[in-house]
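Here the structure comes first, spelled out in structure tokens, and everything after it is commentary.
Coordinate-derived values only; no laboratory data. Just so it is clear, the structure is predicted and the values come from calculations on it, not from any experiment. Here the Cβ positions follow ideal geometry from the backbone for every residue, glycine too, while neighbour counts run over all protein chains shown.
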Amino acid sequence: MNAKTTLTYEAILATQQRTPAWRVEDLIGGERRLDFTKPFMPEGLAGVEGLKFLSRDERRTLNQIRGHEYLSIFGLVEEFILPFVLDHARPRLRDDDHRVRALLQFAGEEAKHIQLFKRFRDAFVADFGTPTPVIGPPEAVATEVLKHHPLAVALLILQIEWMTQKHYLEGVKDNGDLDPLFRSLLKHHWMEEANHAKLDMLMVQALGESCSLEERMAAFEQYLGLGMFIDQALVTQLDMNLDAFMRATGRKLSVPELSEVREAQRRAMRWTYIGSGITHPRFLESVEGLDPQLRRKAEEVGPAFC
Ligand SMILES: [Fe+2]
Ligand SMILES: [Fe+2]
């Protein structure tokens, strides 16, 4: 194993306790409604503004469908993160009080995020007016993912957590154009995920230390396989999105237009869920800690998803 991170459970727990607490009910419900006159997703993730043959309203509708997809896919990944974190905590409940408390808070927050994403999806469905199907079901995806080596799953989770940091900081934080409720969801999620990302770094390090180099390399291959599994699922989701878009807007796309939309959206979705994570410098730092040749491999694979 390469250089260790200087992070400690004690320091992360202290940061978790300083992070302002929030409830799902503070963000959604009651009088609060999504504002469908505004985009939900930053353009860097939505990838709709280059599609000039679509009207402004049509581009915004596609952006909002991507927002619904984002809620659904995050809801889905949190469903395997939650049991994974609990399983990681359980065997060592007596070792380190800071570790146990930090990991249980992590799990509790992910359970809250699952509920948060569901509540936002319900709000979307209530007002959007057109069915917007999503891949799943989450339990089946969780079962499939959790069959893999724990280090492979931990790497996938680490990449997801760093991805959410990038999404907020680069596209949402200073973006006053977005629907305020959606922006608030992304902000509150980001606040807690910042701590999760650090805990994931410790999980990856601990799992790496418990494996031989051969096992770490095999686990990394499994992580790449999980990336391909997600990439395939995104193709299915893209078809669902375009179907919902055409039904919601009544727009009939010509064959060349459809192919242009597909290509732009394929690129945007790959960047959103894979590229923005696998190329994140902090993710690569952890991979390098497992072995420098694995970092080189991640750097070779990453650009295909950017
Ligand atoms: Fe989360
Ligand atoms: Fe998280």
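When the alpha carbon gyration tensor of segment 1-149 is reduced to an equivalent ellipsoid, the three semi-axes, largest first, read 35, 18, 17 Å.
How large is log10 I(q)/I(0) at q = 0.18, 0.24, 0.25 Å⁻¹ when the Debye formula is applied to the Cα atoms of segment 188-288, each weighted equally and without solvent? For segment 188-288 at q = 0.18, 0.24, 0.25 Å⁻¹, log10 I(q)/I(0) is -0.97, -1.29, -1.34. Using just its DSSP H runs of length 4 or more, each adding -39500 (n - 2.57), the chain gives a mean residue ellipticity at 222 nm of -23500 deg cm²/dmol after division by all residues. If you run the Gaussian network model on the chain, springs between alpha carbon atoms under 10 Å, then out of Pro83, Pro20, Pro42 the most flexible one is Pro20.
Legend: calculated FRET efficiency, Leu213 to Thr8, from the Cβ-Cβ distance at R0 = 25 Å, rounded to 0.05, equals 0.45.
Distance distribution P(r), segment 1-47, all Cα-Cα pairs, bin width 10 angstrom from 0: 17, 22, 26, 26, 9, 1 percent.
Scalar couplings 3J(HN,Hα) for segment 236-246, obtained by applying the Karplus form with A = 6.51, B = -1.76, C = 1.60 to θ = phi - 60°, are 4, 5, 4, 4, 5, 4, 5, 4, 4, 4, 5 Hz; x denotes Gly and Pro. Springs between Cα atoms under 10 Å define the GNM used for the chain, and in it the highest mean-square fluctuation of His189, His167, His98 occurs at His98.
Counting every alpha-carbon pair across segment 60-134, the share separated by more than 18 Å comes to 50%. To the nearest ten degrees, helix 255-270 and the longest principal axis of the Cα atoms of the chain are 20 degrees apart.
In segment 8-110, a dipole from Cβ-located charges (positive for Lys and Arg, negative for Asp and Glu) runs towards its positive end, and of Leu62, Thr8, Leu103 it is Leu62 whose Cα lies farthest in that direction.
Along segment 162-179, what does the Karplus equation 6.51 cos²θ - 1.76 cosθ + 1.60 (θ = phi - 60°) give for ³J(HN,Hα), rounded to whole Hz, x for Gly and Pro? With the stated coefficients, segment 162-179 comes to 5, 4, 5, 5, 5, 4, 6, 5, 8, x, 10, 3, 9, 9, x, 7, 6, 3 Hz.
Computed extension gain for Ala304 through Thr130, at 0.36 nm per residue and net of the alpha carbon distance, reaches 59.3 nm.
Simple spin-label estimate for Ala21 and Lys297 gives 4.3 nm between the two label positions (7 Å along the Cα-to-Cβ direction from each Cα). Translational diffusion coefficient of the chain (Stokes-Einstein, Kirkwood radius from Cα pairs, 10 °C, 1.306 mPa s): 79 µm²/s. In loop segments of segment 70-103 as defined by DSSP, there are no chymotrypsin sites (Phe, Trp or Tyr not before Pro) with at most 15 further C-beta atoms inside 10 Å of their C-beta.
Among Leu185, Leu258, Leu290, the largest mean-square fluctuation in a Gaussian network model of the chain (Cα springs under 10 Å) belongs to Leu258. In segment 129-246, one over the average inverse separation of all distinct C-alpha pairs is 16.5 Å, which is the Kirkwood hydrodynamic radius.
Each residue of segment 74-89 was assigned a 3J(HN,Hα) from its phi angle through the Karplus curve 6.51 cos²θ - 1.76 cosθ + 1.60 (θ = phi - 60°); the sequence is 5, x, 5, 6, 5, 5, 9, 5, 4, x, 5, 5, 5, 5, 6, 6 Hz, with glycine and proline shown as x.
Put the Cα centre of segment 110-163 next to the Cα centre of segment 189-252 and the gap is 10 Å. Take every Cα pair under 8 Å whose residues are at least 6 apart in sequence, average their separation, divide by the length of the chain, and the relative contact order is 29 percent.
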